[in-house]
There are 2 protein chains.
Amino acid sequence: MFNPDCTRQPGPALEVPGNGGESPDRAELLHSKIKYWSVPMADYLAPLKQMRFTIEHLADFAEVGALPDFQSVDGDMVEAVLEEASKFATGVLASTNAIGDRQGVKVVGDGVEVPAEFTDAYGKFCEGGWPGIASNPDFGGQGLPKVLSIACDEMWAASNVAFALCPELSQGAILAMDRHGTEELKARFLEKLVSGQWSGTMCLTEAQAGSDLSSLTSRAEPKGDRYLISGQKIFITWGDHPMAENIVHLVLARLPDAPPGTKGISLFLVPKYKVNDDGSLGERNDNYCVSVEHKMGIHASPTCVMSFGDKGGAEGFLVGKPNEGLAAMFTMMNYMRLGVGIQGVGLADRSYQAAVAWARDRTQGRAPGEKGKVAIIRHPDVRRMLLAMRALTQASRAICYYTASCLDRAVHCADAEAAAMYDARADLLTPIAKAWTTEASLEVTSHGIQVHGGMGYVEETGVAQFYRDARIAPIYEGTNGIQAVDLVGRKLLRDGGATVSAFVSDMRAVDAPLANAGEQFAVVRSALARSLDELVECSTHILTGAKRDPELASAVAFNYLMLLGTVIGGWQLARGALVAEGELAAGGDKAFLDAQVVMARFYAEQVLPRCTAYAAAIRAGSGSTMALAADAF
Amino acid sequence: MFNPDCTRQPGPALEVPGNGGESPDRAELLHSKIKYWSVPMADYLAPLKQMRFTIEHLADFAEVGALPDFQSVDGDMVEAVLEEASKFATGVLASTNAIGDRQGVKVVGDGVEVPAEFTDAYGKFCEGGWPGIASNPDFGGQGLPKVLSIACDEMWAASNVAFALCPELSQGAILAMDRHGTEELKARFLEKLVSGQWSGTMCLTEAQAGSDLSSLTSRAEPKGDRYLISGQKIFITWGDHPMAENIVHLVLARLPDAPPGTKGISLFLVPKYKVNDDGSLGERNDNYCVSVEHKMGIHASPTCVMSFGDKGGAEGFLVGKPNEGLAAMFTMMNYMRLGVGIQGVGLADRSYQAAVAWARDRTQGRAPGEKGKVAIIRHPDVRRMLLAMRALTQASRAICYYTASCLDRAVHCADAEAAAMYDARADLLTPIAKAWTTEASLEVTSHGIQVHGGMGYVEETGVAQFYRDARIAPIYEGTNGIQAVDLVGRKLLRDGGATVSAFVSDMRAVDAPLANAGEQFAVVRSALARSLDELVECSTHILTGAKRDPELASAVAFNYLMLLGTVIGGWQLARGALVAEGELAAGGDKAFLDAQVVMARFYAEQVLPRCTAYAAAIRAGSGSTMALAADAF
């Protein structure tokens, strides 16, 4: 009998579209016979040790903690926050994930219905003070650094990414308003957003204006000190739901006298319910969710078509200056981009954990030097997949946390020069934290299915959901192609490669310690040095070639983003291995530290060589990419 | 207004799991406003010109057509068969694909219900004679070569892969029975399988025996000249359905005196309804579908748990010799592996067509040298994705068709030496045709979503289904990891590299014509030569190293498979480009032929460089892969 010790009962019948149930008289037979359904999905366990290691050693936590604004943040606090977040993620959120996937959301009457378990979890989330941990203390936030709160974001995403999107968007809205809103607006709205009592959204996209925001047509008519907003927005995440008492939409629209294109777009705050001067809720405002999308994943995150002003105009407030809405919105957007990256990390880690649990448990086949059947984790090809999953996940996590740490330093460094340096580096890293990690999450969650064999394709197993949920991340908040063009156009070309060069110099600094660390690190050292050379060569190639060929930058941008992300990941894992080597010598946790060294080597052997392929594609330029006429495809 | 000319009406409300509908009073508003739903999914158009080109120039059709068994098969017949198949795929099958995805299948009473449209389509499929086009004429088949019928298989998969699995499995069952069944058995069963009146299945997997068939426990007790089969089989594709009058299961089970392991497995034919001596249907046999899986994709293909012998034993017949069932089953399995590969090709091509149509139609942003907004097919990064889709799809198609052509020659060559050579080559190619192409299909269908942006993630668009449907292909009929181990263990190591070397020599023969074809082919020539060098070096590395390191072969197998597949794809596109160059000079279809040259160059620039990464991972060996203890993951 296969795996007789696992006794999970089959759950309630699933309502999976396009799949049947079983007839009642067959169900008993089924449940008595099908042993392979009795393997429970591994519970999510936050990888706290790996997270702390990443925060401390790969995201320069000591530098962040030394900043005046973060004097109270020390190692003990990091540990306490992560522990508590882990309890919430594991104990409350994780169990709602499959429910949300099966049950989804729907429009009922004037609003969107979500699973009752979500509303319950959201209440507990707010009670725990989680919405405001990184927000401005002036409005009730706890003002923790992003390098710490991002680890919490990872846990929310790993345990239930559809749920996590709601507070994530609120965070972005808070940040945009905090930076661009008037004092009066902040006083009226911010505290309740920070507490989670109200939630926030980002209303950019229109049917004809997806990646191309210059085509926006939503309008805003002045009316006293306010505006009447009208237009239709699509793809509005958590655009409506009953979990919060009010919803604060940040909406891009055009004033009557606005110039065309991106220079005529303003940002407006449009609440679901109007807010009286005393802060109490007034009448329903004129904005409604008219439908929700039927998506491949994140079923429990309502993706709304929002209609503003069907009954005469939705009352709103201007945020920031007229016609400068895009810049204000980008405060939120850049924040969200890092947030999307961490979604990829969370899903990748969750899929990895499920795959490891399955691979330890499932016995199939034999192995050299072993008697009898072995668990499949013994098979080299299964290990290859698990190690690739782990290596890519660790690299993704390190990239995202490090980006957060650069953001913290950019905002909170007293030294203007250092702040500017970290600001430029965070700008450089944001598209990579968004795009490279979400590309990695597709690969990782695909491996997660593959390790499970046929069971991975069956929805009850759970890993298919991670794969489906992950697929949106390369698309929203700017497609990964847009990220790549942003990286090459604004971050490489605009300053003539200065920011990239500075970063390369920092990464090269790991070479000497690797050389000193001995033969064990030779593979890591040579692979990283080679990849850095390729990065430098390709950067130069683009900087030089873009002047001659206007298509070059866009044609090679994606490969350049993948190249740069892959190198940074290798640098981070190499740094981790060096730290681990030092801690091993000092008598640290051997299994954990050894694994850091193995992961750096595996990454150097099996992931860094991809740089050569990216570099070759970059050197090839735009010729064959642009060769075909549109009708020859 | 966005794309006002497209006036597709929104279809019926979808029953998508975990997603809502809209309230009736909102629906009208929705449909009047949402213009982006009005872009119709491009109809499937079989790429007939590319198929004929591949059959004729990349799959050595002239050699196959010259074989005595295929004297009647000429270019006119190829054209006629493809045209007719294309009409069926486009006119009948394609429209059932989304219906099947939404509606799915379910167990009702003693059997499985499928969409009525499927039963209707299956009837037409049989009327058209499609089930038997490649089957033995002695039993009513048309005896066409596989190199031609595989193009039809591609069209079935592209238009509706869930449907296509049913006749595909019948084909495998026919082949196994034709080769291993007694004359009496063939007389009783084959003709109705060939006509499609009955369908076939392959019953291998049990809960405890997935990739590891040696663990099978199903039993067969002799009873007169027949056997009573009992046991439970899982993952039985099209295990029950009402489209055919009877279902013929080929079941692996153990005789009472069978030795343990793989040498004690026999193959049995077990019909759903017993068959009287006059060929009429008798009483219901003791085998039932007890449930169907809830899967991420191929919703309309019933994946059944089949229970044999709950009421005393399912009557069956021995196929082939006792205890040699695995070898007999592998006749079917190898056939199915190529069939899975072509599923990948079909889905990839369908996704490519949808992405091209979208990219031509959707306008977003501007481009250098163009006035006003442009269709996104103008953007280099969108082209990068479309070209990668096309390059990988063309390479996959060429690999599968060439494998089919080798199979034709292996079976039908009068010359024993030539037959043996093609048999060895088909053996070598089968795991690549299965695994490389299905890995490619994941990448291609993922790009297909990405090109659509947010709309790609919305189920109504249709490309998400291709991505979900494609994800099973790397798993079933032997996971891609199993294919890789098969490739390295049985196809590379077993003959000391002889088959690979012979193939490499053939591939190198393209170098001289490339050199003669001039500067335009220099990139293709050098990239291919370099990749072939890497292939040879890695083959040697494995042949040498496997003697010392028992884990090496399995640890590097997957990367070796990807390396070999990538090289073969590059060789095929290079051949195609040379042919195109010749036909251009002779005044052929310029747009089509130019595109062949561009695709070869794009592949050489952007796909072949991956070989370097695969080779590096192979050279790294098994060290870091095997380093971690199971509990250190």
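The values are calculated or read from the model by the stated rules, or taken from the named source; none is laboratory data. None of the values given here were measured: they were computed from a predicted structure. In this analysis, Cβ positions are derived from the backbone assuming ideal geometry, glycine residues included, and neighbour counts consider all displayed protein chains.
Values computed for the structure shown
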{"read-out": "Contacts under 7 angstrom Cβ, first residue in the stretch A:580-597 being within 14 Å of chain B (Cβ to nearest Cβ) and over 12 Å from B:Leu628 (Cβ atoms), partner modelled with pLDDT of 95 or more and not in a helix (DSSP H, G or I), 6 or more apart", "value": "none"}
{"read-out": "Criterion: assigned by TED's automatic domain parsing to the domain that holds B:Gly123 and in a helix (DSSP H, G or I) - qualifying residue of B:Val73, B:Val81, B:Val112", "value": "B:Val81"}
{"read-out": "Condition check for B:Glu537: away from chain A (no Cβ under 13 Å) and either touching a Ser or Thr at 6+ places or on another chain (Cβ under 7 Å) or in contact (Cβ under 8 Å) with a residue 40 or more places away in the chain (or both)", "value": "yes"}
{"read-out": "Candidates B:Gln483, B:Gln394, B:Gln450, filtered to the one that is more than 21 Å from B:Met333 (Cβ to Cβ) and within 20 Å of the chain's Cα centre (by Cα)", "value": "B:Gln394"}
{"read-out": "Unique residue being in contact with a Cys (Cβ under 6 Å, 6 or more places away or on another chain) and either surrounded by 24 or more Cβ atoms within 10 Å (Cβ to Cβ) or at the interface with chain A (Cβ under 8 Å from one of its Cβ atoms) (or both) when the list is B:Leu573, B:Leu563, B:Leu628", "value": "B:Leu563"}
{"read-out": "Yes/no for A:Arg350 being crowded, with 24+ Cβ neighbours inside 10 Å and modelled with pLDDT of 95 or more", "value": "yes"}
{"read-out": "The one condition in (1) farther than 27 Å from B:Lys321 by Cβ; (2) over 13 Å from the mean Cα position of the chain (by Cα); (3) surrounded by 21 or more Cβ atoms within 10 Å (Cβ to Cβ) that B:Ala173 fails to fulfil", "value": "(1)"}
{"read-out": "So B:Arg471, is it surrounded by fewer than 20 Cβ atoms within 10 Å (Cβ to Cβ) and under 27 Å from B:Leu204 (Cβ atoms)", "value": "no"}
{"read-out": "The listed residue being more than 26 Å from the chain's Cα centre (by Cα) and of a type outside the set (Lys, Arg), out of A:Gly325, A:Gly369, A:Gly341", "value": "A:Gly369"}
{"read-out": "Criterion (at the interface with chain A (Cβ under 8 Å from one of its Cβ atoms) and surrounded by fewer than 20 Cβ atoms within 10 Å (Cβ to Cβ)) met by exactly one of B:Phe633, B:Phe558, B:Phe602", "value": "B:Phe633"}
{"read-out": "Residue within the stretch A:570-586 that is among the hydrophobic types (A, V, I, L, M, F, W, C) and within 23 Å of A:Thr479 (Cβ to Cβ) present", "value": "no"}
{"read-out": "Test result for B:Asp594, assigned to a helix (DSSP H, G or I) and not assigned by TED's automatic domain parsing to the domain that holds B:Asp506", "value": "no"}
{"read-out": "Within the stretch B:213-258, considering residues that are in contact with a Ser or Thr (Cβ under 8 Å, 6 or more places away or on another chain) and modelled with pLDDT under 95, the one farthest from B:Thr331 (Cα to Cα)", "value": "B:Ser214"}
{"read-out": "Number of the condition not met by B:Leu67 [criteria: (1) within 14 Å of B:Met155 (Cβ to Cβ); (2) more than 25 Å from the chain's Cα centre (by Cα)]", "value": "(1)"}
{"read-out": "All positions within the stretch B:430-479 that are in contact with a Phe, Trp or Tyr (Cβ under 7 Å, 6 or more places away or on another chain) and more than 7 Å from chain A (Cβ to nearest Cβ)", "value": "B:Val444, B:Thr445, B:Gly448, B:Val451, B:His452, B:Met455"}
{"read-out": "Elements of type strands (runs of 3 or more DSSP E) in the stretch A:164-241, at least 1 residues being of a type in the set (Val, Ile, Thr) and in the same structural domain as A:Gly282 (by TED's automatic domain parsing)", "value": "A:198-203, A:226-237"}
{"read-out": "Looking only at the stretch B:308-336, and only at residues there that are in contact with a Ser or Thr (Cβ under 9 Å, 6 or more places away or on another chain) and within 14 Å of chain A (Cβ to nearest Cβ), the one that is surrounded by the most Cβ atoms within 10 Å (Cβ to Cβ)", "value": "B:Phe308"}
{"read-out": "Whichever residue in the stretch A:338-381 is touching a residue at least 60 places away in the same chain (Cβ under 8 Å) and basic (Lys, Arg) and, among such residues, is farthest from the other protein chains (Cβ to nearest Cβ)", "value": "A:Arg350"}
{"read-out": "Those residues of the stretch A:86-121 which are more than 14 Å from every other protein chain (Cβ to nearest Cβ), charged (D, E, K, R) and under 22 Å from the mean Cα position of the chain (by Cα), in sequence order", "value": "A:Lys87"}
{"read-out": "Members of the stretch B:215-225 that are surrounded by fewer than 18 Cβ atoms within 10 Å (Cβ to Cβ) and either in contact with a strand residue (DSSP E or B) (Cβ under 8 Å, 6 or more places away or on another chain) or not small (Gly, Ala, Ser) (or both)", "value": "B:Thr217, B:Glu221, B:Pro222, B:Lys223, B:Asp225"}
{"read-out": "Residues (more than 12 Å from the chain's Cα centre (by Cα) and part of a helix (DSSP H, G or I)) located in the stretch B:460-480", "value": "B:Glu460, B:Thr461, B:Val463, B:Ala464, B:Gln465, B:Phe466, B:Tyr467, B:Arg468, B:Asn480"}
{"read-out": "Residues located in the stretch A:573-611, provided they are more than 27 Å from the chain's Cα centre (by Cα) and not hydrophobic (A, V, I, L, M, F, W, C)", "value": "A:Glu581, A:Gly582, A:Glu583, A:Gly587, A:Gly588, A:Asp589, A:Lys590, A:Asp594"}
{"read-out": "Residues of the stretch B:526-562 satisfying the condition of being touching a helix residue (DSSP H, G or I) at 6+ places or on another chain (Cβ under 6 Å) and not in a helix (DSSP H, G or I)", "value": "B:Glu551"}
